[in-house]
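The values are calculated or read from the model by the stated rules, or taken from the named source; none is laboratory data. Being a predicted model, the structure only gives us computed values, none of them experimental. Ideal geometry is used to build each Cβ from the backbone, glycine not excepted, and the neighbour counts take in all protein chains shown.
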Amino acid sequence: MTDFRPTRLAALRDALARGDFDGLLVTSLANVRYLTGFSGSNALLLVTAKECLLLTDFRYATQVEEEVNGAAAVRIEANSLWTGLWSALAGLTGVDRVGFESAHLLHRDFQRLLEQGARWQWRPVTDLVESLREQKDVGEIAHIEGAVAIAERALDATLREIHPGLTEMQVAGMLEQQLRHAGSEGFPFESIVASGPRSALPHARASDRQLALGDLLLLDFGAIYRGYCSDITRTFVLGPATAEQQDVYNVVREANAVASGAIRAGMRGMAADALARDYIDARGFGAAFGHSLGHGIGLEVHEAPRLAKTAEATLPLGAVVTIEPGIYRSGWGGVRIEDDVLLTDAGPRILTSFPRDLRELL
Ligand code: ZN
Ligand code: ZN
């Protein structure tokens, strides 16, 4: 498959030149991975017009060579990565104004810039690499599709084992075992298993509550494949659904379908959010949909762009976003249906294919 890292680096260098930066210190590990392929947990990356230098430590000496494979110069530091950074920077001429990722730097490390790094001009930047990451290339799309397939296989297998009396934590354990079994490298976030009235908590942790007949059961989880995340939510009923459960479910399902069908690249994030929100509002449930419609997914499970009431930025072609409307009624329960959608020039392509009809388990 094509190696897109040189293209990404070139795009970053263009952005640096436009911003009048001589270089950028990359401290977000997701950004390091995007630019170099390195997936370790300790790294500093310095990008200038001519250099791309990755600093890491001895534990990663073998892994870094395999993963980076020429995409960056690698330096293994025996002591502190920062010591290596100062010596590398000191050897470069014409590098004065250097950006740093202000959303990804500990205050302690910022102090290092001011003290040991005092001879360079440090300028805070936000979202420079993140905005490049919004547009996925074909390799990234394939990885997200892989993560979607794993999540859907795991969900299918888990549903066969569900019965009243299991606790939410037991269901989360079963789901996570199936995710691993299906090939997930890990869990992009703590799997949400929320039953009965607890399904009204949009970010419920799995608890020791036991599933009971008549419960709504909301599962929100994802898989990781080659570093890329999926994020999917489905809501079920244990046993036959009541008319009220069916009604609320239908509104959410239709809001999801409306937004998934009408979202387009070039639209503002707020306009995409309104697709589902207006539909839910018009049916009288507006106050019960208290969160944003969705977010980008990729190397991180929450990344740009945002689909929210306040999101003014436009959605780029090639973005993969979640569409996750929900209705939550305290003491009763909640319904959310979340899909992962790729924005192509031919319109939206829904990557998740797990059925959205209300399924009555048992
Ligand atoms: Zn989710
Ligand atoms: Zn989500």
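What the table below lists for this structure:
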quantity: Single residue of A206, A194, A212, A172 found to be part of a helix (DSSP H, G or I) and modelled with pLDDT of 95 or more; calculated: A172
quantity: Residue within segment 164-171 that is over 30 Å from P6 (Cβ atoms), touching a Leu at 6+ places or on another chain (Cβ under 7 Å) and loosely packed, with under 15 Cβ neighbours inside 10 Å present; calculated: yes
quantity: Considering residues of segment 324-350 that are surrounded by fewer than 20 Cβ atoms within 10 Å (Cβ to Cβ) and assigned to a loop (DSSP other than H, G, I, E, B) only, the residue nearest to the chain's Cα centre (by Cα); calculated: D345
quantity: Single unsatisfied condition, Q177 versus (1) assigned to a loop (DSSP other than H, G, I, E, B); (2) closer than 30 Å to G37 by Cβ; calculated: (1)
quantity: Breaking point among (1) touching a residue at least 60 places away in the same chain (Cβ under 8 Å); (2) more than 13 Å from ligand 1 (Cβ to nearest atom); (3) among the aliphatic types (A, V, I, L, M), for I337; calculated: (2)
quantity: Filter result for the condition that a residue is within 16 Å of V95 (Cα to Cα), in contact with a helix residue (DSSP H, G or I) (Cβ under 8 Å, 6 or more places away or on another chain), at pLDDT 95 or above and outside any loop (DSSP other than H, G, I, E, B), over L46, L55, L35; calculated: L46
quantity: Residue within segment 276-289 that is within 22 Å of the chain's Cα centre (by Cα), more than 16 Å from ligand 1 (Cβ to nearest atom) and outside any helix (DSSP H, G or I) present; calculated: no
quantity: Filter pass, A243 being in the same structural domain as I350 (by TED's automatic domain parsing) and under 26 Å from the mean Cα position of the chain (by Cα); calculated: no
quantity: Residue among V252, V321, V248 that alone is assigned to a helix (DSSP H, G or I) and either of a type outside the set (V, I, T) or within 15 Å of ligand 1 (Cβ to nearest atom) (or both); calculated: V252
quantity: Enumeration of residues in segment 297-318 that are more than 14 Å from ligand 2 (Cβ to nearest atom) and touching a residue at least 40 places away in the same chain (Cβ under 8 Å); calculated: L299, T310, A311, E312, A313, T314, L315, P316, L317, G318
quantity: Conditions (1) more than 14 Å from ligand 2 (Cβ to nearest atom); (2) within 24 Å of R180 (Cβ to Cβ); (3) crowded, with 18+ Cβ neighbours inside 10 Å: number failed by D208; calculated: (3)
